[in-house]
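A.B. asks: I have a structure here, written as structure tokens, and I will follow up with some questions on it.
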Amino acid sequence: MEKLSFSATLKTEISKVKPTGCCRVAECYGLLLFGRSFCNYEIALRTAVKSVAEHYASLVKLCFGVHTVITESGDLKKSYAVTVPGEADRARIINYYDSGEQDWIMNPKFLKRSCCRWAFIKGAFLACGSINDPDKSYHLEFAVKDPTLAFAFAAFLELCGHKPKHSQRSSVTALYYNNSETLEELLGGMGALRESLEVMELKVVKSMRNRLNRRNNFETANISKTVNAAVGQTQAIEYLIKENLIGMLPEELYEVAVLRRENPDASLAKLCELSGNGISRSGINHRLQRIVDFANEEKLKKIN
């Protein structure tokens, strides 16, 4: 059995949420308008999700009482086509949604209420939308074949408070979103409340994971820096001993040099504790740096 993608699973779930009242006509409008074709000679939808095909067919029949045909094709990868074969039936549906205004690609008569606008968006998503698994990336899009309809739908989405990005891809205009906040709102508005909550939870998990990674990276960098500094200090002290120069150090530097040599892996805080004379971390660090500088100066003298 073919495993459903996250997008197909989501469509299957929201197809189970049946619209009522005015939202029924609005959702049906979204499905029809964004399907494969919606004109007098053909009303059709093609989808890879069986439940969407069945939902489309039942909603068209419920709203208009017309006959639809579902055709299945493909062996390994199934595809479903839904058509309205009757010419009179197609004319009835087209005339119902027709605004009579040539400039109106989407009839606002059916999009006046907030609930109907969400129902319309849900219908459009079922017909031409897709969504990535939020655990991998945030991306929800509508692939609209008609560029004029894509422009009108983008303006509609912006008026609803969700301005989409857009790109041209072969024969479709992709209107898309790739931020978690918008995905949460769109999923919730379309009735996918569980998936909306999952996106919220994933966002929190990702945020915590990123915070932990940053902290670990910071700590790792600090450890590496501390180790490298300690190695450099120890090498400088060993050089001074080898060259019989250690005795040239002032008493306060000599004491710190001995302390570092005896405790090569100790942190500055530990060296402060071991010194027992109340010197601060910055004080210890400053003295160690003076020792390193002195050793470097002596090396240069020997070279020259």
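The values are calculated or read from the model by the stated rules, or taken from the named source; none is laboratory data. Please read all numbers here as calculations on a predicted model, not as lab measurements. Counting neighbours? That spans all protein chains shown, and the Cβs are built from the backbone with ideal geometry, glycine included. Calculation scope for accessible area: heavy atoms of the full protein, side chains included, ligands and nucleic acids excluded. Shrake-Rupley method; radii C 1.70, N 1.55, O 1.52, S 1.80 Å.
A.B. asks: Step through the residues of the stretch 235-242 one at a time and calculate ³J(HN,Hα) from phi using the Karplus curve (6.51 cos²θ - 1.76 cosθ + 1.60, θ = phi - 60°), rounding each to whole Hz and writing x for Gly and Pro.
C.D. replies: Each residue's phi maps through the Karplus curve to give 5, 5, 5, 5, 5, 4, 5, 4 Hz.
A.B. asks: Quick one: which residues, 5 or more positions from residue 172 or on another chain, have an amide H under 5 Å from its amide H? H modelled 1.01 Å from N in the peptide plane, none for Pro or chain starts.
C.D. replies: none
A.B. asks: So, one more: With the cut-off at 1.5 for a/c, could you classify the stretch 4-145 from its C-alpha gyration tensor as rounded, prolate or oblate?
C.D. replies: Verdict is oblate for the stretch 4-145.
A.B. asks: Can you work out the accessible area per residue across the chain, with the rest of the protein chains kept in place, probe 1.4 Å, in square angstrom?
C.D. replies: So the chain comes to 58 Å² accessible per residue, rounded to a whole number.
A.B. asks: How do the peptides 134-147, 273-286 rank, highest first, by the average count of neighbouring beta carbon atoms within 10 Å per residue?
C.D. replies: 134-147, 273-286
A.B. asks: While we're looking at this one, here's another question. If the viscosity is 0.692 mPa s and the temperature 37 °C, what translational diffusion coefficient in µm²/s does Stokes-Einstein give for the chain when Rh comes from Kirkwood over Cα pairs?
C.D. replies: In µm²/s, the coefficient rounds to 133.
A.B. asks: May I ask which of 50/77; 112/145; 61/145; 16/163 have a Cα-Cα span longer than 22 Å here?
C.D. replies: Over 22 Å apart, Cα to Cα: 112/145; 61/145; 16/163.
A.B. asks: Also, I was wondering about something else. Pull up all non-local amide H partners of residue 43: gap of 5 or more, or a different chain, and H-to-H distance under 5 Å with H placed in the peptide plane.
C.D. replies: 84
A.B. asks: Further question on the same structure: Between the helical axis of 251-262 and the dominant principal axis of the chain, each derived from Cα atoms, what acute angle in degrees is found, rounded to the nearest 10?
C.D. replies: 60
A.B. asks: What is the percent carbon and sulfur in the accessible area of the stretch 1-152, measuring with a 1.4 Å probe over the protein chains and ignoring ligands?
C.D. replies: C and S fraction of accessible area: 52 percent.
A.B. asks: Which net charge results when you count Lys and Arg as +1 and Asp and Glu as -1 among the other residues whose beta-carbon is under 13 Å from that of residue 24?
C.D. replies: Spelling it out: positives minus negatives among the neighbours equals +3.
A.B. asks: Give, in nm to one decimal, the length gained when the segment between residue 300 and residue 139 is fully stretched (0.36 nm per residue of separation minus the Cα-Cα distance).
C.D. replies: That pair, residue 300 and residue 139, stretches by 52.0 nm at full extension.
A.B. asks: For the stretch 1-144, with only Lys/Arg (+1) and Asp/Glu (-1) charged at the beta-carbon, what is the dipole magnitude about the Cα centre, in debye rounded to 20?
C.D. replies: Value, rounded to 20: 400 debye.
A.B. asks: Explain nothing, just compute: Karplus ³J(HN,Hα) = 6.51 cos²θ - 1.76 cosθ + 1.60, θ = phi - 60°, for every residue of the stretch 47-60 in order, whole Hz, x for Gly and Pro.
C.D. replies: My calculation for the stretch 47-60 gives 8, 9, 10, 4, 5, 5, 4, 5, 5, 4, 4, 5, 6, 5 Hz in order.
A.B. asks: If you don't mind, there's one more thing I want to ask. Over the chain, what is the mean sequence separation of C-alpha contacts under 8 Å (at least six apart), divided by residue count, expressed as relative contact order in percent?
C.D. replies: 13
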